[in-house]
1. Looking at (1) crowded, with 19+ Cβ neighbours inside 10 Å; (2) over 19 Å from the mean Cα position of the chain (by Cα), which is the one condition that is false for A:A389?
2. For A:R303, are the conditions met, namely being more than 7 Å from every other protein chain (Cβ to nearest Cβ), assigned to a helix (DSSP H, G or I), touching a helix residue (DSSP H, G or I) at 6+ places or on another chain (Cβ under 8 Å) and basic (K, R)?
3. Can you confirm whether segment B:35-51 contains a residue that is under 23 Å from the mean Cα position of the chain (by Cα), facing another protein chain (nearest Cβ under 9 Å) and assigned to a loop (DSSP other than H, G, I, E, B)?
4. As an exercise: evaluate A:I315 against (1) facing chain B (nearest Cβ under 7 Å); (2) over 24 Å from the mean Cα position of the chain (by Cα); (3) among the aliphatic types (A, V, I, L, M) and give the number of the one condition it does not meet.
5. Is it true that A:R329 is more than 28 Å from B:Q68 (Cβ to Cβ), facing chain B (nearest Cβ under 8 Å), in contact with a helix residue (DSSP H, G or I) (Cβ under 7 Å, 6 or more places away or on another chain) and surrounded by fewer than 21 Cβ atoms within 10 Å (Cβ to Cβ)?
6. Might you let me know whether segment A:349-364 holds any residue that is closer than 30 Å to A:M316 by Cα, surrounded by fewer than 19 Cβ atoms within 10 Å (Cβ to Cβ) and polar (S, T, N, Q)?
7. Looking at segment B:58-77, which of the residues that are at the interface with another protein chain (Cβ under 9 Å from one of its Cβ atoms) and part of a loop (DSSP other than H, G, I, E, B) is surrounded by the fewest Cβ atoms within 10 Å (Cβ to Cβ)?
8. Looking at A:F144, A:F160, can you tell me which residue is surrounded by fewer than 24 Cβ atoms within 10 Å (Cβ to Cβ) and more than 18 Å from A:S183 (Cα to Cα)?
Amino acid sequence: MAGALLFRPNDTVNAFITTIPDVTYSDGVLSGVRVAVKDNISTKGVETTCASRILKGYIPPYDAHVISLLKDAGAAIVGKTNMDEFGMGTTTENSAYGPTLNPRDITRVPGGSSGGSAAAVAAGYVDLAIGSDTGGSIRCPAAFCGIVGLKPTYGRVSRFGLIAYANSLEQIGPMARSVTGVSDLFSVISGQDKMDATSVDRPYNHIPSPDINGLKIGIPDEFFGRGVRPEVADTVREAVMTLESLGAVTVPCSIPSMKYALAAYYVTCTSEASSNLARFDGVRYGPGNSNRKSWHDAYSEIRKTGFGEEVRRRIMLGTFSLAAGYFGRYYQKAQTARQMVRDDFSRIFKDVDIIAGPTMPDIAFTLGEKSDPLQMYLSDILTVPANLAGVPAISVPCGTVDKMPVGLQLIGRLFDEERIIDTAYAYEQGVS
Amino acid sequence: MVTAEDIRKIAKLADVGIDESELSGFTKQCSGILEYFAILDTLDQDRPVTHERVNILREDEVKPSLSQEESLKNAGQTEKGFFKAPRVM
């Protein structure tokens, strides 16, 4: 039933940048369901900042395709969530609006970059949330906050209206407290859109089934080895045993290209970012320029004060990787490595139906714990392979370490979300 | 791996500005990251990369789009229906 609702959450974890206090909604499958949207997704008439000073006050004149679909389905869009600026981070600490706190332990980060969306769901402020995942930005905060998050196959959800950071890697995806919630939201936002030429006509209309009898699950050595906290690895191994008890069969496998995956990911995403973020110059949106200064001086000034440190660092790294003389050593080699990751997945998926492992190598960090950028980047090692290959991956809660949630990551074949969702559902139903 | 002078040049190329006080921090961090990226240099140069995607083209037809007023609404400065940008010369 169409209607209206008041939204006034007691947002003690700083999940939102903007809330919409009075929301009207229409009829549809999500009629009246409270949905939070990451602040890098354009919402007509509602400020959209990407958690950056440079977009403070920016009011998009149009809706992203996913927003139109949500409105048509009756969803009540109640707010825009905090994030790492432009999606660049793993903790939601890189926000011009202050960090989001983890609802499970407010001394810890919620993960990132869709940390506000995960926290809003985990804290119960909303029923469902939309995030975006460039190198793990939906799955990491889902794991750290103890909720479910899906990064769809590249192309299955339109990116029209998503403010671009790294186009070849990112996808918009659903987050919820249950697998059914993720599945319901995914069925609304998936499908082809002529405004995104990379979107594909593969709509999702599936009801999760817990039958995984005979499912073949690949267990890659690399997901349980060096750099992964042993207690996290053990918790995920136990979850895999639960899947076995439900009828699945496990097969050891190996992703040798993991050795190159993180470097390939960071060279690719910083290169794309250096190009994408060139549009933020304060002319068409943003704070405006000084007309007295010359072009480069005016832009440098506005970008230095408008962008946070991590964004400037990534723009500089990307500029370096693409520079004449270095292109062959960095960007081109990164594309070679990316192909190796794709080839590894294609080979493994000839023998198995899905791949399982931890979502993150550790539990949620304490605030300020990861101050060195490279150390922060290294924590993305288990999530970036799916983005490099374009394959879908879901994180589902599978227990705790030190009272903090651990995520089980299930990676599927291209366009085979149905199977990883069924497996996540089987696990969720099997343990509850 | 990179010097403070390199970082100064890159910051200028990328129009992100840099303060003297930031130089040593950015230099140290970027050097560490670029050293990590060097693992890619051990890969063969000539390995083939396949692209699964095909280019999608459409007819060049006029479709409804934002009005001039909507397009200018978020600009810091406008003049006579145009965006106002810094001087080039």
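Every read-out reported here was derived from the displayed coordinates using simple, explicitly stated rules and does not represent laboratory data. Owing to the predicted nature of the structure, the values given are computational and were not obtained by experimental measurement. A quick note on method: Cβ atoms are made from the backbone with ideal geometry, for glycine too, and the neighbour counts reach across all protein chains shown.
1. (2)
2. Values: more than 7 Å from every other protein chain (Cβ to nearest Cβ): no; assigned to a helix (DSSP H, G or I): yes; touching a helix residue (DSSP H, G or I) at 6+ places or on another chain (Cβ under 8 Å): yes; basic (K, R): yes.
So A:R303 fails the test.
3. no
4. Among (1) facing chain B (nearest Cβ under 7 Å); (2) over 24 Å from the mean Cα position of the chain (by Cα); (3) among the aliphatic types (A, V, I, L, M), A:I315 violates only (2).
5. Working: more than 28 Å from B:Q68 (Cβ to Cβ): yes; facing chain B (nearest Cβ under 8 Å): yes; in contact with a helix residue (DSSP H, G or I) (Cβ under 7 Å, 6 or more places away or on another chain): yes; surrounded by fewer than 21 Cβ atoms within 10 Å (Cβ to Cβ): yes.
The answer is yes for A:R329.
6. no
7. B:R58
8. Of the residues listed, the single one that is surrounded by fewer than 24 Cβ atoms within 10 Å (Cβ to Cβ) and more than 18 Å from A:S183 (Cα to Cα) is A:F160.
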